[in-house]
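Let me begin by presenting the structure, written as structure tokens, before commenting on it.
Rule-based calculations on the coordinates, nothing more; no lab input. From a predicted model like this one, the values you see are computed outputs, not experimental measurements. Every residue, glycine as well, gets a Cβ built from its backbone with ideal geometry; the counts of neighbours run over all protein chains shown.
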Amino acid sequence: MKKAFIILSIAGLLTGVAACDNSPKTPTKEAAKPKGKYYCTMHPDVTADKPGTCSKCGMDLVERDEK
């Protein structure tokens with residue numbers, strides 16, 4: 001019984017340490033710098049330097065707010 005308690009305690013400690021991961025995360029797409037001045041509102045990954053249409057859905061590209 002004492003052995004089982006020690007094993008479960010160590011397993012819980014290791015699980016707790018693994019859950020507290022403080023390693024740096026990779027930047028998200030929103031944090032990445034925009035590629036083009038114009039983008040599709042339905043597909044933000046479709047960008048262009050000049051006005052046009054989305055290659056995926058055909059919607060007009062809109063100007064990106066650059067703040």
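Most tightly packed first, judged by the mean number of other beta-carbon atoms within 10 Å of their residues, the peptides 8-15, 38-45, 53-60 read 38-45, 53-60, 8-15.
Approximating the spin labels as points 7 Å out from Cα along Cα→Cβ, the Asp49-to-Lys35 distance works out to 1.4 nm.
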